[in-house]
Amino acid sequence: MCHHPQMIESPRGRPGRQIVAAGAVGIILPVGLVAWAQVMAELFPDSCGHYTGCLYLFVQAWQVGRWVAIVLAWPLLYLLRVRPAWPVAVLAAALLVAIWLLAEAVALVSPQMFFTLILLSSVIAYPAAARLVGPGRTWLSSA
């Protein structure tokens with residue numbers, strides 16, 4: 001088995017690194033979303049209710065922020081040298097929506113499963129997408 005020297009240096013030649021970097025994106029984005037809600041709670045403490053606390057701000061951040069996070073994923077994937085970044089971002093977005101729909105479907109039956117799926121959705125979706133689109137997967141990464 002002959003290896004071309006440039007392929008060894010290429011990020012596309014290291015699927016493990018690709019998956020780990022995509023996992024980092026899956027961690028960074030939700031942490032940023034929670035941090036944003038926390039900052040908003042600090043800046044606008046009157047928005048926090050007596051009974052529910054600042055839950056409203058976290059729900060509001062989720063409703064809008066998850067879509068902003070999907071948009072920010074591509075540049076973050078690119079910055080962390082996940083290649084091809086664009087197809088990974090698109091496939092991960094589709095996986096995220098599927099996970100969110102599954103979470104909503106089980107919400108009434110298992111609130112714990114709902115929160116687990118929501119919290120881990122991007123940690124599941126981005127590495128899975130990097131694995132499916134990454135090195136050696138030319139049928140998805142040729143776009």
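So, Q18, is that one at pLDDT 90 or above, crowded, with 17+ Cβ neighbours inside 10 Å and within 20 Å of the chain's Cα centre (by Cα) or not? Against the criterion (at pLDDT 90 or above, crowded, with 17+ Cβ neighbours inside 10 Å and within 20 Å of the chain's Cα centre (by Cα)), Q18 qualifies. For first residues located in the stretch 121-143 and among the aromatic types (F, W, Y), partners that are assigned to a helix (DSSP H, G or I) and at pLDDT 75 or above and lie 6+ apart or on another chain with Cβ distances below 8 Å form the pairs Y126/A22; Y126/G23; Y126/V25; Y126/G26; Y126/A73; Y126/L77; Y126/V88; Y126/A92. For V59, state whether it is part of a helix (DSSP H, G or I) and modelled with pLDDT under 95. Yes, satisfied. Here the condition is being loosely packed, with under 14 Cβ neighbours inside 10 Å, closer than 13 Å to A24 by Cα and at pLDDT 95 or above; of L101, L79, it holds for L79 alone.
The values are calculated or read from the model by the stated rules, or taken from the named source; none is laboratory data. Since this is a predicted model, take the numbers as computed values, not measurements. Backbone-built Cβ (ideal geometry, glycine too); neighbour counts: all protein chains shown.
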